[in-house]
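Have a look at the structure below, then the notes.
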Amino acid sequence: MKKKNGLIQKIILSTIGHEKRQTYMIPVFSILISLIVGAVVIAFLGKNPFLAYYNLLQGSGLAPKASYAGYKGIITDFASFLNALTPMLFAALSVIIALKAGLFNIGVSGQMLAAGFTATILIGYSVLPAAVAKPLVVVIGFVMGALVGALVGYFKHKFNINEVVSTIMLNYIIQYIVSFFINTFYVDPVSRQSKTVGAAGRLTLTDVVIGSYKMDIPLGILLAAAGIVVTAFLLKKTTLGFEIKAVGSSVRAAEYAGIRVGRTRVLAMMLSGGFAGLAGVTYYVGYFASIQPRVLAGTGYDAIAVALLGNSSPVGIVFSSFLITVISKGSTYMSSASGVQPEIASAITGVVLLFSACGAFVKYKVDRWKEER
C-alpha cells in the first residue's frame, strides 16, 4: 500500500509539482477528475460515457452531427455556441473583478436580470434604428449592472453587510420585481414570457444568410473579447487594478499603504456589476430576446465555476468558459442522442466547481509532499 501511495505521489509531483506549472495544471487536474466522475455516473446509468461526451461536442458545433435540418450545419451550431458563450465570458469577468478585491459576487444573475429587463423595456421595445438602439442597449446594461453592484459595495463599506448576504437578497428582490412588471405589463400571452425584443435593439443578428446557411451571429462576442483585454490591462497596468488586488490580498496592508479600502471596494463592485450587466444584455437582449418571469439565469452561478477554474485570470476564463459552455450547451443534444438526462451536465459542472474550489488544498498537499521528499 505504501509503495502504491508513493507511486501516486510521484506521478502527481511529476505533473503538477513544479510551481510554475501549477497555475494551469491544477485546473486541468480538476477537469480530468470531474470528467472521470461524470463518466462513472453515466456508465452507472447504463450509457456510453465516451459517446455522451462526443454528443456534447456535437451539440456545441465542435463535432459534426449525423444529419442537419435545412439551412443548418456545424457552422450554424458553432455560431449558436458563441452566442451562449458571450454572456458567460462577461459573467466570469464580473466574478473575477470581485474576487480580486476579496469580495464574492453571488448576485451576478440578479444584476444580469436587472440590466436585461431595463434595456428591454427602454430600448428593446422602442422604434429606434439599429445604429442607435444597439449601442444604447450596451450602455444601459453596463450602467444598470454597475448601479446594483455599487449598491452592494456601499452596503459593505458603510454598514459592513457581507456581500454574499446582500447579493443573495438582491437576487430575490430583483427577481420578483421584474416578474411583477413582466406579468402585469409586458407578458406574451402565448409564451408566458416577456414580449420578444425587436430586431433593431437585439444584440444577435438572427437568420443571417451566409452561403447555404442561416445562422445567428452574436455581436456581443466582440465586446467580450474587448472586455477580456480591458480587464487584463486594468488589473495589471493601472493604479486602480493594483489597489483592487491590494485590498483583496490584505485590508490592513492596503490601509497602511494609504489605499482607501471602502472606495476601492465600491469601485470594484461597480465594475463587477457593470460586466454582469453586459452579461445580462447579451443574454436577455441577445441570446434569448425575452425574459422568463421568476427565473434567474444559471449563467451567473456557472460563472463562479468558470472564474475558479480559470484561476481568476482574464485569460484563464476564456478556456474555462469554453469548457463550461460546451457542457451546458451540448447537454440538450446529449440527452436526445444518448438518452442521458441533461441534469448530468449540471452535475458535472458542479463537480468541476467542487474540485476547482479545492485547488488551494491540492497545492498545499503537493507542497507538503515536496518537503517530505
Would you mind stating whether Val285 is open to solvent by less than 40 Å² (accessible area, probe 1.4 Å), modelled with pLDDT of 95 or more and at negative phi?
yes
From the options Ala131, Ala114, Ala146, Ala119, residue that is more than 18 Å from Ile177 (Cβ to Cβ) and in contact (Cβ under 8 Å) with a residue 12 or more places away in the chain:
Ala146
All conditions in (1) surrounded by fewer than 16 Cβ atoms within 10 Å (Cβ to Cβ); (2) touching a Ser or Thr at 6+ places or on another chain (Cβ under 8 Å) are true of Gly198 except (1)
Only unsatisfied item for His18, checking (1) modelled with pLDDT under 75; (2) under 21 Å from the mean Cα position of the chain (by Cα), is (2)
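Just for the range 230-260: of the residues that are among the hydroxyl-bearing types (Ser, Thr, Tyr) and either in contact (Cβ under 8 Å) with a residue 60 or more places away in the chain or under 24 Å from Val143 (Cβ atoms) (or both), which one is least open to solvent (accessible area, probe 1.4 Å)?
Among residues in the range 230-260 that are among the hydroxyl-bearing types (Ser, Thr, Tyr) and either in contact (Cβ under 8 Å) with a residue 60 or more places away in the chain or under 24 Å from Val143 (Cβ atoms) (or both), the one least open to solvent (accessible area, probe 1.4 Å) is Thr231.
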Filter the range 261-282 for residues that are among the aliphatic types (A, V, I, L, M) and open to solvent by 10 Å² or more (accessible area, probe 1.4 Å); the one that is nearest to the chain's Cα centre (by Cα) is Leu278
Pro189 meets each of (1) part of a helix (DSSP H, G or I); (2) open to solvent by 60 Å² or more (accessible area, probe 1.4 Å); (3) over 22 Å from Ala115 (Cα atoms) with one exception, condition (1)
Please list, ordered by first then second residue, the pairs with beta carbon atoms under 6 Å, 6 or more apart or interchain, first in the range 65-88 and under 18 Å from Ser336 (Cα atoms) and of a type in the set (Lys, Arg), second open to solvent by 10 Å² or more (accessible area, probe 1.4 Å) and part of a helix (DSSP H, G or I).
Lys65/Gln58
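The rows are residues; the columns are (1) of a type in the set (Phe, Trp, Tyr); (2) more than 26 Å from Gln58 (Cβ to Cβ); (3) in contact with a strand residue (DSSP E or B) (Cβ under 9 Å, 6 or more places away or on another chain); (4) surrounded by fewer than 17 Cβ atoms within 10 Å (Cβ to Cβ).
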position: Val295; (1), (2), (3), (4): no, yes, no, yes
position: Gly298; (1), (2), (3), (4): no, no, no, yes
position: Asp302; (1), (2), (3), (4): no, no, no, no
position: Val306; (1), (2), (3), (4): no, no, no, no
position: Trp369; (1), (2), (3), (4): yes, yes, no, yes
Any residue that is under 21 Å from Ile221 (Cβ atoms), buried (at least 23 other Cβ atoms within 10 Å of the Cβ), out of contact with any His (no Cβ under 9 Å at 6 or more places or on another chain) and of a type outside the set (A, V, I, L, M) - is there at least one of those in the range 148-171?
no
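Inside the range 172-186, can you point out the residues that are among the polar types (S, T, N, Q) and either open to solvent by 30 Å² or more (accessible area, probe 1.4 Å) or over 19 Å from Ile121 (Cα atoms) (or both)?
As a first pass, look at the range 172-186 and keep what is among the polar types (S, T, N, Q): 175, 179, 183-184.
Asn183, Thr184 - these are the residues of the range 172-186 that are among the polar types (S, T, N, Q) and either open to solvent by 30 Å² or more (accessible area, probe 1.4 Å) or over 19 Å from Ile121 (Cα atoms) (or both).
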Filter the range 40-94 down to residues that are of a type in the set (Ser, Thr, Tyr), part of a helix (DSSP H, G or I) and touching a helix residue (DSSP H, G or I) at 6+ places or on another chain (Cβ under 7 Å) and give me whichever is surrounded by the fewest Cβ atoms within 10 Å (Cβ to Cβ).
Thr86
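The values are calculated or read from the model by the stated rules, or taken from the named source; none is laboratory data. Worth saying up front: this structure is predicted, and the values here are computed from it rather than measured. Don't worry about glycine lacking a Cβ; one is built from the backbone with ideal geometry, like all the others, and counts go over all protein chains shown. For the accessible areas, the whole protein counts, side chains as well, though only heavy atoms, and no ligand, DNA or RNA atoms are used. Shrake-Rupley method; radii C 1.70, N 1.55, O 1.52, S 1.80 Å.
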